[in-house]
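Below is one structure, written out as structure tokens; comments come after it.
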Amino acid sequence: MAMRVELDAIDLKILRELQVDGRITNVALAQRVGISAPPCLRRVRKLEEAGVIKGYHALLNAPALGFDIVAFCAVGLKHQSDGDLKAFASATAGWPLVRQAWMVSGESDFLLHCVAENLTVFQDFVIDVLTANERVDTVRTMLTIRQVKDIGLVEI
């Protein structure tokens, strides 16, 4: 388990601003959080080195790029042994349609967030890849209708 990092009020302001705009310049970030640029840059680097900031990404408009299907797959494995769980988790890394994957508790073992060009591509993935996987027992799919909320993953 990761150790919790001690953050002060300035660190929290920095994280709030970066979560809203990861492309903000250091000078603008420093102004928004009320400190000068050099200490701001040192704090950001410290947050990166501590693993609090995992990276910076561009948020792409999937439909504009031809990816019209967003779906979730709840996957139940035949066995929940450590080896089976790790093997399935590892397999998800090789599936481009799977954008995010979580090991979960409850009725399913994994929840997969999938993005595909169209329904046929998604269906082919479910049938030819997911249900064909030797470790998979059940797959429940949920096609999304519309995203109604999209904010950072952590409330700071």
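Pairs of lysines in the chain whose Cα atoms sit within less than 23 Å of one another amount to 7, provided the residues are eight or more positions apart or on different chains.
Rounded to the nearest 10 degrees, the inclination of helix 82-92 to the longest alpha-carbon principal axis of the chain is 80 degrees.
Here the gap between V148 and N61, fully extended at 0.36 nm per residue and compared with their Cα-Cα distance, gives a gain of 29.9 nm. May I ask which residue of C40, A87, C73 lies farthest towards the positive end of the charge dipole of the chain, with charges of +1 (Lys, Arg) and -1 (Asp, Glu) on Cβ and the Cα centre as origin? The listed residue farthest towards the positive side: C40.
Peptides 110-122, 23-35 ranked from most to least packed by the mean count of surrounding Cβ atoms within 10 Å: 110-122, 23-35. A compact globular protein would have a Cα radius of gyration near 2.2 N^0.38 Å; the ratio found for segment 9-49 is 0.97.
When the charge dipole of the chain is built from unit charges on Cβ atoms (+1 for Lys and Arg, -1 for Asp and Glu) and taken about the Cα centre, the candidate among L112, L29, V98 whose Cα reaches farthest toward its positive end is L29. Every Cα-Cα pair in the chain was counted, and those over 27 Å apart are 44% of them. The relative contact order of the chain comes to 24 percent, based on Cα pairs under 8 Å that sit 6 or more residues apart.
About the centre of its Cα atoms, the chain shows a dipole size close to 660 debye [charges on the beta carbon of Lys, Arg (+1) and Asp, Glu (-1) only; nearest 20 debye].
A short reminder: the numbers here are calculations on the coordinates, not readings from a lab. Note that the structure is a prediction, hence the values are computed from the model and not measured. Please note: Cβ atoms are built from the backbone with ideal geometry, for glycine as well, and neighbour counts cover all protein chains shown.
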